[in-house]
Amino acid sequence: MKGTDPGASDSPPVVWAKPAAGKLMGRGHNAGDLLEAYDWEVIQRDDGLLRVGVHLPDHLRNPKGELFGGFTPTYVDLLALHTYWAGREPTPGHPWLATVNMRVDYYAPVRGPRFELEGRVVVRSGKMTFVEVRFYNPHGESLVYAYTTLKAV
């Protein structure tokens, strides 16, 4: 934001927007660094579809060694935002995206050490975009389902 105008929008520095080859993002994004998203491997990226291979960092595990459930929405949010742009080229002045709703359903524990995330744009309607995110274990079994609403602001 610039000055005191709450409606002014300016793109923040995006060091994390320059990922290494085959990776989703670079370092320097607070949530991304927490999740170690700089190591996420892009498996598939098409218009409105994103699939990545990720690892489960030790600092995000509960005492049983599984993903602590409270961090699950952080994965969902970050992947939903990247799914919005999947297969598209962001341009100067591109919209800032605000997450206005999220529902998370847990089917089974995320144990790691590796798992996959898949994001898919369900509907784009005006300023609103609806994205579903799924977590899969290495055998393709569904672990988590989430539905997120993003608003371009």
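Length gained on full extension, D47 to F130: 28.5 nm, using 0.36 nm per residue less the C-alpha separation.
Convex hull of alpha carbon positions in the chain: directionally averaged projected area 9.5 nm².
Once the Cβ-Cβ distance of L34 and V153 is raised to the sixth power relative to R0 = 25 Å, the FRET efficiency obtained is 0.60.
If the chain linking K23 and F68 were pulled fully straight, counting 0.36 nm for each residue of separation and taking away their Cα-Cα distance, it would gain 13.8 nm.
Total lysine pairs in the chain at Cα distances under 30 Å, for residues eight or more apart or on different chains: 9. Seen against the Cα atoms of the chain and their longest principal axis, helix 72-85 is set at about 50 degrees.
Each stretch of four or more DSSP H residues adds -39500 (n - 2.57); spread over every residue of the chain, this sum gives -4000 deg cm²/dmol at 222 nm. Rounded to the nearest Hz, the phi-derived 3J(HN,Hα) couplings of the range 144-153 under the Karplus curve 6.51 cos²θ - 1.76 cosθ + 1.60 (θ = phi - 60°) are 9, 10, 9, 10, 10, 10, 10, 10, 6, 10, where x marks glycine and proline. Computed about the Cα centre, the dipole magnitude for the chain is approximately 140 debye when only Lys and Arg (+1) and Asp and Glu (-1) carry charge, each at its Cβ. Look at the alpha carbon pairs under 8 Å that are at least 6 residues apart: their mean separation over the length of the chain gives a relative contact order of 20 percent.
No value in this document is a laboratory result; all are computed from the given coordinates. Just so you know, these numbers come straight off a predicted model, no measurement behind them. A quick note on method: Cβ atoms are made from the backbone with ideal geometry, for glycine too, and the neighbour counts reach across all protein chains shown.
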